[in-house]
Amino acid sequence: MTRIQHARPRPSRTTDDSGPGAAATGLGAAVPGLVVLALATFSALTTEMVPVGLLPTLSRAFGVATSVAGLLVSLYAGLVAVLSVPLTWATRRLPRKPLLMACLGSYALSNAICAAAPSFAAVAAGRALAGVTHAVYFSVAIGYATRLVPARSSGRALALASIGTPAGLILGVPVATALGDALGWRAAFVFLVALIAGVLLAMGRWLPDVRTSTVPESHTVPESHAVPQTRRRTGAGRPLAAAATANALTYLGHYTAYTYISVILLAAGARSAAIAPILLGFGVLALAGVAIGGRHLDRRPRATAMTIVAAMAVALAATGALPGMVPVVVAAGVWAGAFGPAASMFQNAAVRAGALTPEITGAWISSTANIGIGGGALVGGLVMDAAGTPALTWAGCAILVAALVVIGASRRAFPRRP
């Protein structure tokens, strides 16, 4: 007996009920639900990364070093890394939609705690609650997205649901940073509470529910309800491990430098008031990266992965090598744009390996991503204290090269054709 989850019956995918061309892409009636998941991911990502834009402000407000304030990112990511798999397993039998809504409510509470925090320790407590929440949310959201579409469209579904990640960089983090600069850092967390309340309303209205059923292993699931590789495939552990390892290294390399992007930009000559607009521009480029890269995730997995990580490494090296604010901003923009589709790329590679259910696979990807995020904040802080800000980009670039080696060596995780 194999447990699977599938969406409740929907209109035929040949019905054009989601806009021109939707059925042809294999997304069809799932588009509204995927958009809601993207909004929820936008809220979660903004909650996760809001300290990045506020690090100088938070360090001044509480009288701590910038590297210490950066540990707010490490704390959050460390909890996600440790708890993603066990909490996803523990909540596997809970109804999916109520669980996602409970996660959003917990995000809102954590941001409210931060907004009212009287001390740095209280901010850390709020961030810890958000980290525990994140350990469940992203694992469930990844599985949810793949279960709303046919298996052949899982890459595009994950790209759409994951678009909240670059969208958070486009709007969420820059808006929160701008509010923090203009009205005080607490205003950034109040903004997040209001944002999540609105997303909860949208989720209750437009996200389709999914249910759990038990069917014989020989049962043929209708193509409209197919789940990519729900049953374990022989030898699938190695490609899953390769995808998770490359994922961890890519995030580690990226966040070794990006956690301290505001410090890098200030060192290049940017004014404090310009940080939020620059981050906004980076987010736009990351969204463009998703739009470009998402088209190829289901067609050319290997070439797409190699191109994305190589572009990140080259652009990050240029960020550290080029003189002057404008060249640094341009190079960092290319770096941010290349990172845009990375999340959906690794999620898709891991789910298609077929080693575990999409939710548990998502837990491993979320866990390894946050090992990279938390490790990056920690490594970046150590590098910055020991060798100065310019060394951040070179350390990150070296780690990205290691990720590229893993991708190149794993032809099963990243095949030429799916």
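Things to note:
- Computed as a quarter of the hull surface, the mean projected area of the alpha carbon convex hull for region 249-320 stands at 5.2 nm².
- Relative packing of peptides 275-285, 239-249 - highest average C-beta neighbours within 10 Å first: 239-249, 275-285
- Dimensionless Rg over Rh [region 320-385; C-alpha; Kirkwood]: 1.13
- FRET efficiency, R299 to S119 (Cβ-Cβ, R0 45 Å, nearest 0.05): 0.30
- If the chain linking L382 and A202 were pulled fully straight, counting 0.36 nm for each residue of separation and taking away their Cα-Cα distance, it would gain 60.6 nm.
- The protection proxy used here, the mean number of other Cβ atoms lying within 10 Å of each residue, ranks peptides 408-414, 342-348 as follows, highest first: 342-348, 408-414.
- I292-V326 pseudo-label distance in nm [points 7 Å out on the Cα-to-Cβ vector]: 2.2 nm
- 3J(HN,Hα) from dihedral phi, region 358-365, Karplus parametrisation 6.51/-1.76/1.60, rounded to Hz, x for glycine, proline: x, 5, 5, 4, x, 5, 5, 5
- Working ranking of peptides 324-332, 185-193, 126-134 by packing, defined as the average number of other Cβ atoms within 10 Å per residue, highest first, is 126-134, 185-193, 324-332.
- Computed from the Cβ-Cβ distance with R0 of 25 Å, the FRET efficiency linking R411 to A90 stands at 0.10.
- Two-site label geometry, A182 and T307: point separation in nm, points 7 Å out along Cα→Cβ: 3.8 nm
Read-outs throughout are calculated quantities, based only on the coordinates presented, and are distinct from any laboratory measurement. Only a predicted model underlies this, so the values are computations on that prediction, with no experimental measurement involved. Every residue, glycine among them, receives a Cβ derived from its backbone with ideal geometry; neighbour counts consider all protein chains shown.
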